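Participant: The following block contains the structure, expressed as structure tokens.
The values are calculated or read from the model by the stated rules, or taken from the named source; none is laboratory data. Given the structure is predicted, the values throughout are model-derived calculations rather than measurements. A quick note on method: Cβ atoms are made from the backbone with ideal geometry, for glycine too, and the neighbour counts reach across all protein chains shown. Remember, those area values only see protein heavy atoms, side chains included, never the ligands or the DNA or RNA. Shrake-Rupley method; radii C 1.70, N 1.55, O 1.52, S 1.80 Å.
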Amino acid sequence: EPEVTQTPSHQVTQMGQEVILRCVPISNHLYFYWYRQILGQKVEFLVSFYNNEISEKSEIFDDQFSVERPDGSNFTLKIRSTKLEDSAMYFCASRMAWDRGQHFGDGTRLSIL
Amino acid sequence: DAKTTQPNSMESNEEEPVHLPCNHSTISGTDYIHWYRQLPSQGPEYVIHGLTSNVNNRMASLAIAEDRKSSTLILHRATLRDAAVYYCIPLGTGNMLTFGGGTRLMVKP
């Protein structure tokens, strides 16, 4: 069964550094998402992306965050200048159409030192 | 967003059916009812979704009340692998899933 893949599984970065988290959504899916989960807390929506542009974003997704779909397969989340509070699991998700379920990757654990 | 109410936790015996309830009395007419689960140390996993009619797939069944103010996720034979937190999430044309507290399902061997 096709799945969403995320790399790396764990990223350790110094505070203030830029980090890029990578995702390969399911190939015929059209909607793409990033969520995050701080340890012990709920999964939180960050951003959704459709037709090569951001369709919705949350308050968390400030100017330090950006997303890109540089080619036909990858979907990336960039954090420009990481803070300690960015430490979390980051999940990528995709779905085929607006009335279908979202399929999640296994996540990238981001640790900011 | 529609507010949902789910029990904090439920227990089941292995190989028995489990019925996980959800109240969503403020759901709008065009919202689909989605169910996801999160196993320990894993990402959320799509389970099932529906609009008005009951739905079945290989993982579960979804029973939706006629007035759509509640729904029940049915696992026909619980296994140890089904131990997870289950989330009921109404989702309209907007994109984002809003995860609430969910129901922690414990499965006893």
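Participant: Label B:Lys108 and B:Thr52 with points 7 Å out from Cα along Cα→Cβ: what is the distance between them in nm?
Facilitator: If labels sit at B:Lys108 and B:Thr52, their model points lie 4.2 nm apart.
Participant: What part of the accessible area of chain B, given as a whole %, is carbon or sulfur when the probe is 1.4 angstrom? Mind dumping the intermediate values first?
Facilitator: Details: 2610 of 5450 Å².
Answer for chain B: carbon and sulfur cover 48 percent of the accessible area.
Participant: Between B:Leu80 and A:Lys42, what FRET efficiency comes out of the Förster formula 1/(1 + (r/R0)^6) with R0 = 35 Å and r the beta carbon distance, rounded to 0.05?
Facilitator: 0.90
Participant: Please name whichever of A:Phe45, B:Met96, A:Leu110 sits farthest to the positive end of the charge dipole of the protein assembly as shown, dipole taken about the Cα centre and charges placed at Cβ: Lys and Arg +1, Asp and Glu -1.
Facilitator: Highest projection toward the positive end goes to A:Leu110.
Participant: Computed over the Cα atoms, what is the radius of gyration of the range B:16-83 divided by 2.2 N^0.38 Å, N being its residue count? Don't skip to the end; give the middle numbers.
Facilitator: Details: Rg = 12.3 Å, N = 68, 2.2 N^0.38 = 10.9 Å.
Expressed relative to 2.2 N^0.38 Å, the Cα Rg reads 1.13.
Participant: Right, here's the next one. Could you work out what % of the accessible surface of chain A is carbon and sulfur, using a 1.4 angstrom probe and leaving DNA, RNA and ligands out of the count?
Facilitator: Reported share for carbon and sulfur atoms: 46 percent.
Participant: Given the Cα-Cα distance of A:Ser81 and A:Glu56 and 0.36 nm per residue of separation, how much length would full extension add, in nm?
Facilitator: Values: separation 25, 0.36 × 25 = 9.00 nm, distance 2.20 nm.
Additional length available on full extension: 6.8 nm.
Participant: Using a Gaussian network model on chain B with a 10 Å cutoff between Cα atoms, which of B:Tyr87, B:Tyr36, B:Tyr46 fluctuates the most?
Facilitator: Residue with maximal mean-square fluctuation among B:Tyr87, B:Tyr36, B:Tyr46: B:Tyr46.
Participant: Which value, in Å² rounded to 10, gives the accessible area of A:Cys92 with a 1.4 Å probe and all protein chains present?
Facilitator: 0 Å²
Participant: Within 10 Å of each Cβ in peptide A:94-100, how many partner chain Cβ atoms are there on average? Round it to a whole number, please.
Facilitator: Values: counts 0, 2, 0, 0, 6, 7, 4.
For this peptide, the per-residue mean of nearby foreign Cβ atoms is 3.
Participant: Is the shape of the range B:60-109 best called rounded, prolate or oblate, per the rule: a/c under 1.5 gives rounded, else a/b larger than b/c gives prolate, else oblate, with a ≥ b ≥ c the square roots of the Cα gyration tensor eigenvalues?
Facilitator: The shape class here is oblate.
Participant: Further question on the same structure: Per residue, how many Å² of accessible area does the protein assembly as shown show with a 1.4 Å probe?
Facilitator: Values: 11350 Å² over 222 residues.
Using a 1.4 Å probe on heavy atoms only, each residue of the protein assembly as shown averages 51 Å².
Participant: A further question follows. Sequence neighbours fewer than 8 away in the same chain don't count; with that in mind, list the lysines whose C-alpha is under 30 Å from A:Lys78.
Facilitator: Of all the lysines, those that pass the test against A:Lys78 - Cα under 30 Å, at least 8 places apart if same chain - are A:Lys42, A:Lys57.
Participant: Along the Cα→Cβ direction, 7 angstrom out, place labels at B:Leu39 and B:Lys3. What is the inter-label distance in nm?
Facilitator: Distance between label points: 3.4 nm.
Participant: Kindly identify the range A:1-110 as rounded, prolate or oblate by the Cα gyration tensor criterion: order the square roots of the eigenvalues as a ≥ b ≥ c, call it rounded if a/c is under 1.5, otherwise compare a/b with b/c, prolate if a/b is larger, else oblate. Each step should come with its number before you reach the end.
Facilitator: Values: a/c = 1.60, a/b = 1.52, b/c = 1.05.
Prolate shape, in that a/c is at least 1.5 and a/b is the bigger ratio.
Participant: In nm, to one decimal, how far is the modelled label at A:Ser9 from the one at A:Trp98, with both set 7 Å along Cα→Cβ?
Facilitator: Label-label distance for A:Ser9 and A:Trp98, simple model: 3.7 nm.
Participant: Right, something else. Probe radius 1.4 Å, ligands and nucleic acids left out: can you give me the accessible area buried at the A-B interface, summed over both chains, in Å² to the nearest hundred?
Facilitator: Summing both chains' loss of accessible area gives about 1700 Å².
Participant: Please calculate the 1.4 Å probe accessible area of A:Val24, with all protein chains present, and give it to the nearest 10 Å².
Facilitator: Approximately 50 Å² for this residue.
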